[in-house]
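**Q** Sharing a structure here in structure tokens format.
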Amino acid sequence: MADAVVARWHGDNYQARVFWENALNLLLPNSCVVEVTFEADGPKAFDDVIVKYAPPVARSGQDRVSAEYHQIKWHVETGGRFGYENFTEPSFIGAQSFSLLERLQQARRAAPASAQFTFLTTYRAKDGDPLSLLISGNDNTLLVERLFDGTTDRSRMGKVRKCWREHLNLEDDEQLRSIVRSLRVVDGHRSLQELREQINIKAEAVGVLTCSAADSDFRYDELARQLKVRKLNALNRQALLQFCEEEGLLVDRPTEYDCFLPIAVRSFLGPAADIVGAAPEDTLLLTDDFRQRYLQEGREWQRNIRPKVESFLRAMIKKSAKLRLILDAHASIAFLAGTVIHLKSGIETQLVQKGRVGTRTWHVDDGSGVKGGYFEIEEDQPGEGRGIAIAINASQATTAQARAYVAAQVPSVGKFVSCAMPTGPGQQSVKGGQHAAALAEQISNYVRAMKEDDPDAVIHIFAAAPNGLLFYLGQHHQAMAPCIVYEFDFDRRGNKTYQPSFTVD
């Protein structure tokens, strides 16, 4: 019984932290978030946290989203898995009468047409279950075009449609499509501790009190419940500021944060909780050029994407000598951004870097140093060509895939260089902006030395690394040019290998 009580407390705290993760966006400059509600009065089951946007935010589909309704499920352990059939079982969401799909059907009738419904859980979709193929790697929306692929009920996706359609007593697939097109499934969401760290980071950025890691409690957990008790649980920016002032939460925001112009380049869109920070006129949206992370048919990196990115960034440089870059974009675009805002551009930059512990602001003097160490570099000679391939293994291992691609597709490569972190690849192997800049300079210096005898040797860059590192590496492009940057199919939904993107000379 005691363990059950603790689990219930943790579940309540988890819901409170998801609320604060969204509510603090109200205080960020140029945020799309205009209202956040904790434990609303409906729609039933999707009422844990409600976020409203103005203007409505873009997602993978054609329709923009004006409101997002969350059902939040925290679990003691992280090993739980679920599949498409669980969405028809009331017990899966701790209910007795209605399943997740039935609650979605009811909510769809009551909510605005532009609303979206998010099932957020610490469990993960089962490997091999059809549901795992239906969750967008872009923004966690349901890939309705894959679900409604024109196959019969005997096909893999047909069995999903049939199961859900019969469970909801629907006449045809079009009725089902109208219900599930608004569903998002955010699985494997952050832990309680990761949410605590993320809230502290956002709190510091917007000028409200942070909570020490040494404290046993986390004040914001109880504050969320007090909002509900006081019937102040639906907050806009002004109401949140007033509440923070009454509770003694307001502190001075660091002045250097305010003097940087936030600009954004988005080739894909992440969860709406992170769509903050840059005004529409300071945002380059490339989402019409991509479907998920893949170029739309008829688009080319060099011909279509590069001119847009370069023109936008040059226009932003004219607006401010201090830029805060939000790069919800492919690694190649991060590298290209560095070539425009290069070391001699005179522009001071901050980078909004997203990762496992949330969103952080990186800059070259953020104190991260080289805590994670420098790259360990190995070099071999797979051929007689003049080209040089560089595999950067920071976030994930990439050497094996890069080597296989080079052997099959790039016979001009004569030297292969592998850069690996001392502790191995990982989502937190690069500690911050100062560390990323040091690693980029290490690679640049190594390449410059290799090219002394052949300055025109082409450098082929294969990187699995934070966008911040790619940006800093792009700032050194003159030491490496001519070079070609490659994109990898990490979602394994396209060609399952590399493809060249930009050629920089």
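**Q** With every protein chain left in place and a probe of 1.4 Å, what is the accessible surface of SER311, to the nearest 10 Å²?
**A** 70 Å²
**Q** Sort 33-42, 188-197 by packing, meaning the average of other beta carbons within 10 Å per residue, with the highest value first.
**A** 33-42, 188-197
**Q** Sequence-distant or interchain residues sharing an amide H contact under 5 Å with LEU261, placed H: which?
**A** Placed amide hydrogens put LYS322, LEU323, ARG324 under 5 Å from LEU261.
**Q** What are the lysines whose alpha-carbon lies under 22 Å from the alpha-carbon of LYS344, with same-chain residues fewer than 8 places away excluded?
**A** LYS308, LYS318, LYS319, LYS322, LYS451
**Q** A follow-up question, please. Rg and Dmax in Å for segment 303-345, alpha carbons only: what are they?
**A** 10.1, 29
**Q** Sticking with the crude label model, points 7 Å out along Cα→Cβ, report the distance from TRP9 to LYS344 in nm, one decimal please.
**A** 6.1 nm
**Q** Moving to a separate point now. For ASP380 and GLN175, FRET efficiency with R0 = 56 Å and r from the beta-carbon atoms, rounded to 0.05?
**A** For R0 = 56 Å, the calculated efficiency reads 0.40.
**Q** May I pose another question? Give me, ordered by chain and number, the residues 5 or more places off ARG386 or on other chains with an amide H under 5 Å from its own placed amide H.
**A** For ARG386, whose amide H was placed from the backbone, the distant partners under 5 Å are GLY414.
**Q** Which residue, VAL251, ASN25, TYR220, has the largest displacement toward the positive end of the dipole of the chain when charges sit on each Cβ (Lys, Arg +1; Asp, Glu -1)?
**A** The one lying farthest along the dipole's positive direction is ASN25.
**Q** If I take every Cα pair under 8 Å that is 6 or more residues apart in the chain, average their sequence separation and divide by the length, what percent do I get for the relative contact order?
**A** 12 percent
**Q** Here is a further query. Ratio to report: Rg/Rh of segment 348-505, with Cα atoms as the point set and Rh obtained by the Kirkwood method; give two decimals.
**A** A ratio of 0.95.
**Q** Additional query: Show which lysines lie in cross-link reach of LYS228 when reach means a straight Cα distance below 21 angstrom and same-chain residues fewer than eight apart are skipped.
**A** LYS44, LYS52, LYS73
**Q** Let me ask something additional. Write down the accessible area per residue of segment 33-82 in Å², having rolled a 1.4 Å probe over the full set of protein chains.
**A** 43 Å²
**Q** Hey, another quick one. Against the longest alpha carbon principal axis of the chain, how many degrees, from 0 to 90 and to the nearest 10, is the axis of helix 192-206 turned?
**A** 70 degrees
**Q** Another question about this same structure. Find how much the distance from ASP215 to ASP127 grows on full extension, using 0.36 nm per residue of separation minus their present alpha carbon separation; answer in nm with one decimal.
**A** Residue separation times 0.36 nm, minus the Cα-Cα distance, leaves 27.9 nm.
**Q** Sticking with this structure for a sec: Give me the accessible area of ILE263, 1.4 Å probe, in Å² rounded to the nearest 10.
**A** Answer for ILE263: close to 0 Å² accessible.
**Q** Rounded to a whole number, what % of the accessible area of the chain do carbon and sulfur atoms account for, probe 1.4 Å?
**A** It is 47 percent, rounded to a whole number.
**Q** From largest accessible area down, sort HIS75, HIS330; use a 1.4 Å probe on the protein chains.
**A** So the residues, ranked largest to smallest area, are HIS75, HIS330.
**Q** When the expected Rg is taken as 2.2 N^0.38 Å, what fraction or multiple of it is the alpha-carbon Rg of segment 313-418?
**A** Rounded to two decimals, the normalised Rg is 1.34.
The values are calculated or read from the model by the stated rules, or taken from the named source; none is laboratory data. Values in this document were obtained by computation on a predicted structure and should not be read as measured data. Cβ atoms come from the backbone with ideal geometry, glycine included; neighbour counts cover every protein chain shown. Surface areas here come from the heavy atoms of the whole protein model, side chains and all, with no ligands, DNA or RNA. Shrake-Rupley method; radii C 1.70, N 1.55, O 1.52, S 1.80 Å.
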